[in-house]
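Report on the structure given below.
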């Protein structure tokens, strides 16, 4: 019997018992769909981190009070709170004038505030504060107007640069440029509107106001830790610039070689390492748990195939009596079990794709469907069908044709 003929017989048997075949496939369908959805969410998150969060800026890294590793557990974070000192304007100035492989350094800080223009009021809006060179370091672009300039930062001018969503909500019918808004009751002139950034995990990245760092510190106080964005002279000197910044900060804080850093240096690779550490374990655990349903699906397929052998005993006897060999019967039932599982896997992939798209649209959570995982899901599901069909197929193949023909 050829492979094509085995598939035709398997398809005919599956179509002859549509409801039973569908119920048999439920375990495989849910197993594959669950695994693919979990992988889709995790891979989507990883891609988002690579594209957005870990993309600090061109050849840039951040010097701040805490490192990425400090957030890996509550105990480590509490220890870092006791050990780490604030990053100050003096640190910023030291990095900015250091030279070497460090091209530029800019300061950042932040808070939350109520924003008002006329009768329009926005509560608890993110307030960013930056030195003017942050626009170049982090590639911030203006859709209209401009970013801060050095004289505005040096003279603590009350000017602001606002996000696109802030502009839409405060100025639905007015051009924002040149208008005066209230930030926690203080008047600021709008000098620019940022290009739209979109959302992250359902949260808008365009709802903010930004002011010069010196202005922010004069209002909210200088007794706070700032973040410093540092740019290297070129991609090839990036790691050298990171080490220069670390050495400079350790020297300023008089740390001995045996003492741990009491500050943090955040790089894209550090963010990705923490992501892999956390979500790598989650991914393995989630796939392991959801794969249980695939095993259950395989058991169901085996059970149904055993029932099918019992029901078709006479058919097997007839086929054997007219010349079918044991290998032909074996191939027929293996093809049927494998086709069942493969069909269930394909349906599961389609369901998973639909769920992933709904989650992305409904909740703003990024998802992606890697082709390699689709292939793995289909191979695994068909493999489960093949393994589950071995024993029933072997039982069918070894039936005595005379005994089989006497079956009712």
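The values are calculated or read from the model by the stated rules, or taken from the named source; none is laboratory data. Fair warning: this is a prediction, and the values are worked out from it, not measured in the lab. For neighbour counting, all protein chains shown are included, and Cβ atoms are generated from backbone atoms with ideal geometry for every residue, glycine included.
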Can you find a residue in region 314-324 that is at pLDDT 70 or above, surrounded by fewer than 17 Cβ atoms within 10 Å (Cβ to Cβ) and not in a loop (DSSP other than H, G, I, E, B)? no
Go through (1) closer than 17 Å to residue 88 by Cα; (2) exposed (fewer than 15 other Cβ atoms within 10 Å of the Cβ); (3) within 26 Å of the chain's Cα centre (by Cα) and name the single condition residue 276 misses. (1)
The conditions are (1) modelled with pLDDT under 75; (2) more than 36 Å from the chain's Cα centre (by Cα); (3) surrounded by 14 or more Cβ atoms within 10 Å (Cβ to Cβ), and residue 310 fails exactly one of them. Which is it? (3)
Answer yes if at least one residue in region 257-265 is outside the structural domain of residue 30 (by TED's automatic domain parsing) and assigned to a helix (DSSP H, G or I), and no otherwise. no
Restricted to region 182-222, and to residues that are more than 29 Å from residue 119 (Cβ to Cβ) and in contact (Cβ under 8 Å) with a residue 40 or more places away in the chain, which residue is surrounded by the most Cβ atoms within 10 Å (Cβ to Cβ)? 213
Please work out which residue is farthest from residue 164 (Cα to Cα), limiting yourself to region 218-238 and to residues that are touching a strand residue (DSSP E or B) at 6+ places or on another chain (Cβ under 7 Å) and assigned to a helix (DSSP H, G or I). 238
Grab the strands (runs of 3 or more DSSP E) fully contained in region 54-173, keeping just those with 3 or more residues being touching a residue at least 60 places away in the same chain (Cβ under 8 Å) and more than 19 Å from residue 225 (Cβ to Cβ). 102-117
Among 245, 285, 241, the single one that is exposed (fewer than 13 other Cβ atoms within 10 Å of the Cβ) and not in a loop (DSSP other than H, G, I, E, B) is 285
Which one is farthest from residue 203 (Cα to Cα) among residues in region 355-382 that are touching a residue at least 24 places away in the same chain (Cβ under 8 Å) and out of contact with any helix residue (DSSP H, G or I) (no Cβ under 6 Å at 6 or more places or on another chain)? 380
